[in-house]
Amino acid sequence: MEGKNQATILLVEDEPVFRLIYRGVLQNAGYTVIEAPDGQTGWEMIRERKPDLVLLDLILPRMSGHEVLHNIRSDAATRDIPVVIFSVMGQEKDVERSFALGANEHRMKGMESPVKILGLIQEILNKKPAA
Amino acid sequence: MKKLLVVDDEVLIAAELRDHLERMHFSVAGTAHSGEEAVELAGRLRPDLVILDIMLGDGRMDGIEAAEVIRDRFDIPVVFITAYGNEQIIDRAKTVDPLGFISKPFFEDELKACVELALYKVDRERILRDSEERYRSVVVSAVEAIIIADIRMRIVFWNRAAAGMFGYTAEEIEQRPVLELIVEPQRKALAVEMDRMVLTEEKDTSGRTAETVGLRKDGSEFPMEFSLSSWVVRDDIFFTINARDITDRKKIDQMKTDFVSLVSHQLKTPVAGVLGCIDNLLSGIAGPITPEQKEYLLLMRDISLRNYRNVNDLLNVSRIERGVVEANVKPWNLKRILAQVLRDHRSSFREKGLSLRIEGGGRRIEAMADRDKLYEAFSNILHNALKFTETGGITVRLRQEDGRCRIDFQDTGPGIPAELQKRLFKRNMVLHGAPDPKRGSGLGLFIAREFMTLQGGDLSATSSPERGSCFRFTIPLAENQRTETTDGR
């Protein structure tokens, strides 16, 4: 079981409190967590570190979550990385845009507990063919 | 009383005319004996009508010339007196639009009839001219662009606002196709609409406005709202287009939307943060917690959730009121949406020890719905039912009839007071009576009803203290399920 959770998850989030919350849950589940406080840094870290999954906020300084997502899906080297959007923006148009850009999931912060998001992440990573 | 000016070069005739007219109770303001004098007196006395001899022996100006000056300078009409039936002279006289001719020697009756008729015409013309002037000034100075086009859709009139809006002067635009005022892709639709009006003889679409994209002389574009009407003058058809530049309104709409998004983000983020912290503490990843601490944390979570819900409600109401909510209706598996709502309220059922029964849950039901809005409507009603029900439970009943699906949420709560039932789905429900913390923002029911209406469904309620409350949803079934009418059991 231990070995299964060695995946690296990148958290792109400008609010320190959400980084704390998700770092806590994910590290507790055995994942390696790396963090970026803005979209630009997030995109650079995605290219350099190739995380196994990206947990991506939408409203971010320097580059929006949707732009980061667009970049991930446009680059052959990062195209297959699963992306979970999590944001307080849950308007239909926001969600539709996320899926149109190739997000694996779009979840609303606050509506769902971090433990639930963790379950979702585990599900996605388990489905992924082993590297 | 109307005033007359009498002009004849023969002093005696002038005096005699004046005599006659005064005996007939007309008011003669003065007499003149030459063209020049006539012009001078007309300017000074401002009569309503000038009675003037065509042949004025003295002076350089004859009667026709004098009449022309008087008409052009003072806008006063004339009646000619003439001793000569000379056609050439009469033709020349006609060019100044006289209101009548009196031949010399005149009969009293003839004079009277002629002057009375002329004065009547003066009146009529003045009324017409006033009315035309009034409409003209309204049209010319209107803030709205007013454009008139003929049957060939060519512009024949163009007011000041139109010149300002599109950048062409009236001279530049007249006789140009009216379609040139909008961008190319929109032209066909307008042409079709104009043709349709002619064919159906529909007079106007007033009250009905349409939006299009205007095109200025300099090639720039702008959002435009317009209404179209058509009218007929002696077999000729004309169109009137009233247009308004709505750039500012669009900008304000956008600002409002941006503002709501911003507020939404700023209000929800901290609450979501607090909720996340509480959830993590509750899940024990920050170390073990005592049962007493857990109780506090659960309370904190409840408060935060309520807060989150209230912000959501306010934002939804703001969207509904600005009319920017649209339903995205697609066939959905209704039971899956319902199951999701029930699952998300599982903990409330558990905490209060309430039962859940589902009746008519047999087979798959495809409904034409907006998933998120249906979820929200179900969720608001269930949330409410759970809040007010202390013992017993909630029964969800599904039934299909007449191409619609009916979903009842029946609770065993205390029922809704009669005076409250009437305004249950009103936006300002919360403003009535004492604020009750249990009631929340009071907007949930309003939103639920609005969201149902928006997707072609409905929501109503019946309630009594004995049997509790029942909220009934209806929603259209998807096409492939319409023909079957079963109760779904």
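The values are calculated or read from the model by the stated rules, or taken from the named source; none is laboratory data. None of these values were measured; they are calculated from a predicted model. Methodologically, a virtual Cβ is constructed for each residue, glycine included, from the backbone with ideal geometry; neighbour enumeration extends over all protein chains shown. Accessible surface is based on the protein model in full, side chains and every heavy atom, while ligands, DNA and RNA are left aside. Shrake-Rupley method; radii C 1.70, N 1.55, O 1.52, S 1.80 Å.
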Tilt relative to chain B, helix B:444-454 - C-alpha long axis, 0 to 90 degrees, to 10: 60 degrees
Reduced Cα scattering model of region B:142-245, Debye log10 I(q)/I(0), q = 0.11, 0.23, 0.24 Å⁻¹: -0.29, -1.38, -1.51
Summed buried accessible area for B+A [probe radius 1.4 Å, Å², rounded to 100]: 1800 Å²
Relative contact order (percent, whole number), chain B, Cα cutoff 8 Å, 6+ residue spacing: 8 percent
Heavy-atom accessible surface of region A:45-131: percent carbon and sulfur, 1.4 Å: 50 percent
Whole-number accessible area per residue in Å² for chain A, which is evaluated in the context of all protein chains at 1.4 Å: 47 Å²
Mean projection area, nm², convex hull over Cα of region A:56-131: 5.5 nm²
Label-point separation in nm, residue B:134 to residue A:100, each point 7 Å along Cα→Cβ: 5.4 nm
Rh by Kirkwood over Cα pairs, then Stokes-Einstein D for region B:3-138 at 0.692 mPa s and 37 °C, µm²/s: 219 µm²/s
Average Cα contact separation per residue, region A:3-127, under 8 Å, 6 or more apart, as relative contact order %: 23 percent
For region B:121-135, Karplus couplings with θ = phi - 60° (6.51, -1.76, 1.60), whole Hz, Gly/Pro x: 5, 4, 4, 4, 5, 5, 4, 4, 5, 4, 5, 5, 4, 4, 5
Surface accessible to a 1.4 Å probe, residue B:368 within the full protein complex, Å²: 50 Å²
Pairs beyond 23 Å (Cα-Cα), from A:116/B:268; B:352/B:373; B:94/B:121; B:250/B:330; A:109/B:250: B:352/B:373; B:250/B:330; A:109/B:250
Distance histogram in 5 Å bins (all Cα pairs of region B:1-40, percent per bin): 6, 27, 32, 21, 11, 2
Folded to 0 to 90 degrees: helix B:291-321 orientation relative to chain B principal axis, Cα: 20 degrees
Environment charge at residue B:312 (Cβ cut-off 10 Å; Lys +1, Arg +1, Asp -1, Glu -1): 0
Full-stretch length increase - residue B:346, residue B:390 - with 0.36 nm per residue and alpha-carbon distance subtracted: 14.3 nm
Debye equation applied to the C-alpha atoms of region A:3-127, log10 I(q)/I(0) at 0.14, 0.15 Å⁻¹: -0.51, -0.60
Cα-based Rg and Dmax for region B:1-75, where Dmax is the largest Cα-Cα distance (Å): 11.3, 33
q = 0.14, 0.21, 0.27 Å⁻¹, region B:249-321: log10 I(q)/I(0) [Debye, one scatterer per Cα]: -0.56, -0.88, -1.15
Per-selection Rg to Rh, region B:330-482 - Cα, Kirkwood hydrodynamic radius: 0.96
Placed amide H near residue B:100: partners under 5 Å, 5+ positions off or other chain: B:80
Fraction of accessible area attributable to carbon and sulfur, region B:72-205 (%, probe 1.4 Å): 54 percent
For chain B, convex hull volume per residue from C-alpha positions, Å³: 286 Å³
Region B:330-482: relative contact order as a whole-number percent, Cα under 8 Å and 6+ apart: 27 percent
Karplus-derived HN-Hα couplings along region A:111-126 (A = 6.51, B = -1.76, C = 1.60, θ = phi - 60°), whole Hz, x at Gly and Pro: 6, 10, 6, x, 5, 5, 4, 4, x, 4, 5, 4, 4, 5, 5, 6
Volume of the Cα convex hull of the protein assembly as shown, divided per residue and given in Å³: 284 Å³
